[in-house]
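Asks: Here it is: the structure, laid out below.
The values are calculated or read from the model by the stated rules, or taken from the named source; none is laboratory data. Keep in mind that what you see is a predicted model, and the values were worked out from it rather than measured. Because the Cβ atoms are built from the backbone with ideal geometry, glycine has one as well, and the counts that use them run over all protein chains shown. Each accessible area value is taken on the protein alone, full model and side chains, heavy atoms only, with ligands, DNA and RNA left out. Shrake-Rupley method; radii C 1.70, N 1.55, O 1.52, S 1.80 Å.
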Amino acid sequence: MTIARRLQDYIDSEGITYDTLAHHRTATTSQTAEAAHVPGNSLAKSVVVHHEMGYALAVVPATHRVELSTLQDVMNRRLGLASEEEVSELFNDCETGAVPPIGEAYGVPVILDESLDRANDIYFEGGDHRTLVHMSGTNFRNLTKDARVARFSHPS
(Lines give C-alpha, C1' and ligand atoms only; values in the text may rest on other atoms or scores of the structure.)
Protein backbone atom coordinates (compact mmCIF):
# COMPACT_ATOMS: atom_id res chain seq x y z
CA MET A 1 0.00 0.00 0.00
CA THR A 2 1.65 3.16 -1.19
CA ILE A 3 0.43 6.61 -1.98
CA ALA A 4 1.89 9.17 -4.36
CA ARG A 5 5.04 10.77 -2.93
CA ARG A 6 3.92 14.40 -3.38
CA LEU A 7 0.60 13.62 -1.73
CA GLN A 8 2.24 11.82 1.19
CA ASP A 9 4.81 14.59 1.68
CA TYR A 10 2.07 17.24 1.66
CA ILE A 11 -0.21 15.42 4.11
CA ASP A 12 2.73 14.69 6.44
CA SER A 13 3.93 18.32 6.28
CA GLU A 14 0.46 19.43 7.39
CA GLY A 15 0.57 17.04 10.37
CA ILE A 16 -2.64 15.28 9.31
CA THR A 17 -3.41 11.79 10.61
CA TYR A 18 -4.53 9.27 8.00
CA ASP A 19 -4.40 5.61 7.17
CA THR A 20 -4.49 3.64 3.95
CA LEU A 21 -6.82 0.93 2.79
CA ALA A 22 -5.82 -1.61 0.13
CA HIS A 23 -8.34 -2.95 -2.36
CA HIS A 24 -8.18 -4.89 -5.61
CA ARG A 25 -7.63 -2.86 -8.77
CA THR A 26 -10.75 -1.08 -9.96
CA ALA A 27 -11.68 1.06 -12.95
CA THR A 28 -14.34 3.37 -11.49
CA THR A 29 -14.94 5.09 -8.17
CA SER A 30 -18.19 3.17 -7.64
CA GLN A 31 -16.24 -0.08 -8.11
CA THR A 32 -13.62 1.22 -5.69
CA ALA A 33 -16.22 1.98 -3.02
CA GLU A 34 -17.65 -1.51 -3.41
CA ALA A 35 -14.25 -3.25 -3.42
CA ALA A 36 -13.04 -1.32 -0.37
CA HIS A 37 -16.39 -1.63 1.46
CA VAL A 38 -16.72 2.12 2.00
CA PRO A 39 -19.81 4.29 1.45
CA GLY A 40 -19.79 5.92 -1.98
CA ASN A 41 -20.90 9.24 -0.51
CA SER A 42 -17.69 9.28 1.60
CA LEU A 43 -15.38 8.51 -1.33
CA ALA A 44 -14.13 11.77 -2.85
CA LYS A 45 -13.79 11.69 -6.65
CA SER A 46 -11.56 14.19 -8.47
CA VAL A 47 -12.39 15.66 -11.86
CA VAL A 48 -9.74 17.85 -13.49
CA VAL A 49 -11.12 20.74 -15.53
CA HIS A 50 -9.32 23.35 -17.60
CA HIS A 51 -10.13 26.99 -18.33
CA GLU A 52 -8.40 29.92 -19.97
CA MET A 53 -6.28 30.59 -16.85
CA GLY A 54 -5.24 27.01 -16.06
CA TYR A 55 -6.74 24.06 -14.22
CA ALA A 56 -8.95 23.27 -11.26
CA LEU A 57 -9.86 20.12 -9.39
CA ALA A 58 -13.60 19.60 -8.91
CA VAL A 59 -14.19 17.17 -6.03
CA VAL A 60 -17.49 15.35 -5.56
CA PRO A 61 -18.66 12.15 -3.83
CA ALA A 62 -18.27 8.99 -5.91
CA THR A 63 -22.07 8.75 -5.95
CA HIS A 64 -22.36 12.09 -7.78
CA ARG A 65 -21.70 13.54 -11.22
CA VAL A 66 -20.27 17.00 -11.86
CA GLU A 67 -22.76 19.38 -13.47
CA LEU A 68 -20.30 21.17 -15.75
CA SER A 69 -22.69 24.01 -16.61
CA THR A 70 -23.33 24.70 -12.90
CA LEU A 71 -19.60 24.54 -12.16
CA GLN A 72 -18.98 27.04 -14.98
CA ASP A 73 -21.52 29.40 -13.38
CA VAL A 74 -19.98 28.95 -9.92
CA MET A 75 -16.44 29.56 -11.21
CA ASN A 76 -17.54 32.20 -13.73
CA ARG A 77 -15.29 30.55 -16.31
CA ARG A 78 -15.75 28.51 -19.43
CA LEU A 79 -14.65 24.98 -18.56
CA GLY A 80 -13.78 21.74 -20.27
CA LEU A 81 -12.60 18.38 -19.03
CA ALA A 82 -8.82 18.06 -19.00
CA SER A 83 -7.36 15.44 -21.31
CA GLU A 84 -5.58 12.36 -19.97
CA GLU A 85 -2.33 13.91 -21.19
CA GLU A 86 -2.96 17.14 -19.25
CA VAL A 87 -3.90 15.21 -16.11
CA SER A 88 -0.77 13.04 -16.42
CA GLU A 89 1.40 16.15 -16.61
CA LEU A 90 -0.23 17.78 -13.57
CA PHE A 91 -0.32 14.62 -11.44
CA ASN A 92 2.83 12.96 -12.78
CA ASP A 93 3.32 10.64 -9.80
CA CYS A 94 -0.24 9.25 -10.06
CA GLU A 95 -1.75 6.61 -12.29
CA THR A 96 -4.22 7.84 -14.90
CA GLY A 97 -7.64 8.19 -13.30
CA ALA A 98 -6.35 7.97 -9.72
CA VAL A 99 -6.05 11.69 -8.97
CA PRO A 100 -6.21 12.58 -5.26
CA PRO A 101 -8.51 15.46 -4.27
CA ILE A 102 -5.69 17.30 -2.51
CA GLY A 103 -4.83 19.74 -5.29
CA GLU A 104 -2.72 21.84 -2.94
CA ALA A 105 -0.03 19.14 -3.11
CA TYR A 106 0.15 19.70 -6.89
CA GLY A 107 -0.46 23.45 -7.14
CA VAL A 108 -3.98 22.96 -8.52
CA PRO A 109 -6.88 24.93 -6.97
CA VAL A 110 -9.73 22.84 -5.58
CA ILE A 111 -13.46 23.38 -5.59
CA LEU A 112 -15.37 21.01 -3.28
CA ASP A 113 -18.97 20.04 -3.71
CA GLU A 114 -20.80 21.06 -0.54
CA SER A 115 -22.15 17.52 -0.11
CA LEU A 116 -18.65 16.50 1.11
CA ASP A 117 -18.69 19.22 3.75
CA ARG A 118 -20.71 17.09 6.17
CA ALA A 119 -18.94 13.73 5.90
CA ASN A 120 -17.52 12.28 9.11
CA ASP A 121 -14.97 10.20 7.21
CA ILE A 122 -13.44 10.76 3.78
CA TYR A 123 -11.73 8.24 1.53
CA PHE A 124 -9.89 9.06 -1.70
CA GLU A 125 -7.52 7.62 -4.27
CA GLY A 126 -3.91 7.81 -3.13
CA GLY A 127 -2.49 7.97 -6.64
CA ASP A 128 -3.03 4.39 -7.78
CA HIS A 129 -6.03 2.14 -8.33
CA ARG A 130 -5.30 -0.11 -5.35
CA THR A 131 -4.92 2.22 -2.38
CA LEU A 132 -7.37 4.55 -0.66
CA VAL A 133 -6.39 7.20 1.82
CA HIS A 134 -8.78 7.47 4.78
CA MET A 135 -9.04 10.37 7.21
CA SER A 136 -11.60 12.11 9.33
CA GLY A 137 -13.83 14.65 7.64
CA THR A 138 -12.32 17.30 9.90
CA ASN A 139 -8.78 16.44 8.76
CA PHE A 140 -9.91 16.44 5.12
CA ARG A 141 -11.49 19.87 5.51
CA ASN A 142 -8.27 21.11 7.17
CA LEU A 143 -6.26 19.83 4.19
CA THR A 144 -8.63 21.54 1.77
CA LYS A 145 -9.19 24.69 3.83
CA ASP A 146 -8.35 26.93 0.86
CA ALA A 147 -10.83 25.17 -1.42
CA ARG A 148 -13.97 26.90 -2.56
CA VAL A 149 -17.14 25.08 -1.48
CA ALA A 150 -20.27 25.13 -3.67
CA ARG A 151 -23.00 22.87 -5.01
CA PHE A 152 -22.21 21.69 -8.54
CA SER A 153 -23.08 18.00 -8.61
CA HIS A 154 -26.04 15.67 -8.51
CA PRO A 155 -26.44 12.00 -7.57
CA SER A 156 -25.71 9.74 -10.53
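Asks: Dividing the alpha-carbon radius of gyration of the chain by 2.2 N^0.38 Å (N being the number of residues), what value is obtained?
Replies: Numbers: Rg = 14.1 Å, N = 156, 2.2 N^0.38 = 15.0 Å.
Taking the Cα Rg and dividing by 2.2 N^0.38 Å, one obtains 0.94.
Asks: Report, in deg cm²/dmol and to the nearest 500, the calculated mean residue ellipticity at 222 nm for the chain, where each DSSP H run with n ≥ 4 adds -39500 (n - 2.57) and the sum is divided by the residue count. List each step's numbers first, then the result.
Replies: Details: 5 runs with 39 residues, N = 156.
It comes out at -6500 deg cm²/dmol, rounded to the nearest 500.
Asks: Please give the peptides 98-106, 39-47, 22-30, 110-118 ranked by average Cβ packing (other Cβ atoms within 10 Å per residue), highest first, as a rough proxy for protection.
Replies: Numbers: 98-106: 24.1, 39-47: 20.9, 22-30: 14.3, 110-118: 18.4.
Highest mean packing first, the order is 98-106, 39-47, 110-118, 22-30.
Asks: Among the DSSP beta bridges whose two residues both lie in the stretch 1-134, what percent are antiparallel, rounded to the nearest 5?
Replies: Working: 17 of 22 bridges.
Looking only at bridges with both residues in the stretch 1-134, the antiparallel portion is about 75 percent.
Asks: Taking 0.36 nm per residue of sequence separation and subtracting the Cα-Cα distance, how much length would be gained by fully extending the chain between R118 and A27, in nm to one decimal? Don't skip to the end; give the middle numbers.
Replies: Working: separation 91, 0.36 × 91 = 32.76 nm, distance 2.65 nm.
Contour length minus the Cα-Cα distance gives 30.1 nm.
Asks: Classify the stretch 70-142 as rounded, prolate or oblate, taking a ≥ b ≥ c as the square roots of the eigenvalues of its Cα gyration tensor: rounded when a/c is under 1.5, otherwise prolate if a/b is larger than b/c and oblate if not.
Replies: Details: a/c = 2.14, a/b = 1.08, b/c = 1.99.
Taking the square roots of the gyration eigenvalues as a ≥ b ≥ c, the stretch 70-142 is oblate.
Asks: May I ask you to derive the relative contact order of the stretch 1-149, considering only C-alpha pairs under 8 Å and at least 6 residues apart, and to give it as an integer percent? Numbers along the way, then the final one.
Replies: Values: 275 pairs, mean separation 46.9, N = 149.
With pairs under 8 Å counted, the relative contact order is 32 percent.
Asks: As an exercise, use a Förster radius of 22 Å and the Cβ-Cβ distance of M53 and N92 to find the FRET efficiency, rounded to the nearest 0.05. Walk me through the numbers before you get to the answer.
Replies: Details: r = 21 Å, r/R0 = 0.95.
Calculated transfer efficiency: 0.60.
Asks: Give me the percent of accessible area attributable to carbon and sulfur for the stretch 55-156, probe 1.4 angstrom.
Replies: On the way: 1960 of 4620 Å².
Heavy-atom surface of the stretch 55-156 belonging to carbon and sulfur, 1.4 Å probe: 42 percent.
Asks: Could you give the accessible area per residue of the stretch 1-128, probe 1.4 Å, as a whole number in Å²? Intermediate results must be reported in sequence, preceding the final value.
Replies: Details: 6360 Å² over 128 residues.
Dividing the accessible area of the stretch 1-128 by its residue count gives 50 Å².
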